Each structure stands twice: as C-alpha cells, then as structure tokens.
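Take a look at the structure set out below.
The values are calculated or read from the model by the stated rules, or taken from the named source; none is laboratory data. What you see is a predicted model; the values in this text were computed from it and never measured. Every residue, glycine among them, receives a Cβ derived from its backbone with ideal geometry; neighbour counts consider all protein chains shown. SASA here: full protein model, heavy atoms, side chains in, ligands and nucleic acids out. Shrake-Rupley method; radii C 1.70, N 1.55, O 1.52, S 1.80 Å.
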Amino acid sequence: MLKTRLIPCLDVADGRVVKGVNFVGLRDAGDPVEAARAYDAAGADEICFLDIHATHENRGTMFDMVRRTAEQCFVPLTVGGGVRTKEDVRALLLSGADKVSFNSAAVANPDVIAEAADQFGSQCIVCAIDAKTVSPGKWEIFTHGGRKETGIDAVEFAKLVAAKGAGEILLTSMDRDGTKSGFNLPLTKAISEAVNIPVIASGGVGTLDHLVEGVNKGGASAVLAASIFHFGEYTVQEAKEHMIANGIPMRLI
C-alpha cells in the first residue's frame, strides 16, 4: 500500500521563509536552506518551496537556494512560484528540484502543463490550485498569490490539468490558509474524487487531527503544513506517529 506523505511547506519571500494568514500578514520563519535541512533530518517525506513573491529580480536567488538545498537534503524537493514555461522547469530541475509546480501560468495556458509533462515526464510536474469558496459546494481559482479572481471552477480545472499530464495537484484552500481551523474537507474531497492523480491537501492545519482528516475524510494522498512545524508546535515525527495511530500508513525514519 502506498504510504501517505507528510510535506512541510516553506513559503519563501526575499530569501526568507515567511508565513501569513489568508495569504497576507507575513512573518519571518527563518533561513530556507537551514529549515529544509532540519526537516530532512526530522523525517519529512518531501519538502515544498513556494516563492510567493516570484518576480524576475529574485529568480536568481531561488535557483541558488534550490541548488544549496539540494546539496544538503535527500528527500524530494518541489519548487514553485513564477514558473511559466518548460524552460523554467528545466532550469529548476537542473538546479536540483525533483518536481516543479505551475500555478498562475497553468491557469492562463493549461497547455504549458502538457508541454512540460511531454518533455520531462508527468512525475515531476505539479499543478498548484489556490481556491476560494464562492458558494456552498463551489470553489473558484484565484491566481497571483490569491489577488486575482479567474471565474474558473476549481474541480473542472483539476480535471483539465490531470488530463493535460500533471502528475499531482497541490490544492490550497485560501479560506483556510494560516487559520489553523483545518483543511477545507469538502473541497479536498471533491477534487480527490474528480481526478486519478495524487492530491496534496494544503491550507489550515492547526492540529495533528487535521492531518488525519485530510486523508481519511478529504481523500488526500499527501498533507502539507507550515505553521505547526515552523514555530515548533509539533515535530514531523509527532505528526507521523499520530497519523499511524489513526490507521494511516506512513514512512518512519
């Protein structure tokens, strides 16, 4: 049986790890390379870097950070933020990323997923979906760090990018991001049931039970968290042991 993955997420802005609530109000959470190394040693299954202020001027910093992290970490590294073309994917893979995540660019042109998957394989192409609840049972995609509404239905878009060749979906509930009130389980379940690729649940983890719910109630293949790990509330090991105690198969170091 495939084991569920536990993924600490490092939101990076101007070379530092930051964490906010509902995508705003950012506070500093340390050096990204040091944080990644600590999570690797702690038994994280993967590490996710998201460059939340992805602009051309700090892109060089991101490549250098990925390179330095890859030299010191031995778990898969997913990198996203400002990825627009298959050439961006190539550059990040050459810097040491194992997977590359598209977000706004895939919404603007879903064919970029197909182009990247055709060249590098679906296994290293992630599509990140940031979704807000717009009415009961309906979720809309927002782009540009959650600032731009698109009118696109999140479930339908998930089906589209899966068909285009995305290897997995990184699904963030913007309503829950940083609130510590738990995953948006109806959203997670709707998308997990709509596609046949892994879905990573993101946005809202405040307790270890929330991680369990993301898998057992939301149907996610992996769960992603930031605040509870960055600020020392729980360790990766504690989280995994809690999930195992609730019947979820996990990898322990």
I want to verify a result. In a Gaussian network model of the chain, Cα cutoff 10 Å, which of these has the top mean-square fluctuation: Leu160, Leu185, Leu211?
Leu160
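Looking at the chain, identify the longest residue range that excludes and avoids all chymotrypsin sites (Phe, Trp or Tyr not before Pro) in DSSP loops having at most 14 other Cβ atoms within 10 Å.
Result for the longest clean stretch: 75-230.
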Shape of the range 130-239 from its Cα gyration tensor (a ≥ b ≥ c, root eigenvalues): rounded if a/c is under 1.5, otherwise prolate when a/b > b/c, or oblate?
prolate
If you restrict to DSSP beta bridges whose two residues both lie in the chain, what percentage is antiparallel, to the nearest 5?
30
Tell me the accessible surface of Val18 in square angstrom (1.4 angstrom probe, heavy atoms of protein chains only), to the nearest ten.
20
Need the C-alpha centroid separation for the range 140-184 versus the range 62-120, integer Å.
18
Under-5 Å amide H pairs with Val134, H placed in peptide plane, nonlocal only
Trp139, Glu140
Prolate/oblate/rounded label for the chain (Cα gyration tensor, a/c 1.5):
rounded
With Cα springs under 10 Å, the Gaussian network model of the chain assigns the largest mean-square fluctuation among Asn109, Asn216, Asn184 to Asn109
Leaving out ligands and nucleic acids, and using a 1.4 Å probe, what accessible area per residue does the chain come to in Å²?
42
In whole angstrom, the spacing between the Cα centers of the range 224-253 and the range 1-17 equals 13
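Tell me which trypsin sites (Lys or Arg not before Pro) from the range 58-162 have a DSSP coil assignment and no more than 11 other beta carbons within 10 Å of their own.
Arg147
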If I build a Gaussian network model for the chain, linking alpha-carbon pairs within less than 10 angstrom, which residue out of Ala201, Ala239, Ala108 has the largest mean-square fluctuation?
Ala108
Debye, to nearest 20: dipole size of the chain, +1 on Lys, Arg Cβ, -1 on Asp, Glu Cβ:
220
Just want the answer: with Cβ charges of +1 for Lys and Arg and -1 for Asp and Glu, which residue in Ala70, Ala97, Ala128 is farthest toward the dipole's positive end in the chain?
Ala128
Taking a ≥ b ≥ c as the square roots of the Cα gyration tensor eigenvalues, with a/c under 1.5 meaning rounded and otherwise prolate when a/b beats b/c or oblate if not, the range 65-204 comes out prolate
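Tell me the carbon and sulfur percent of the accessible area for the chain, rounded to whole percent, probe radius 1.4 Å.
51
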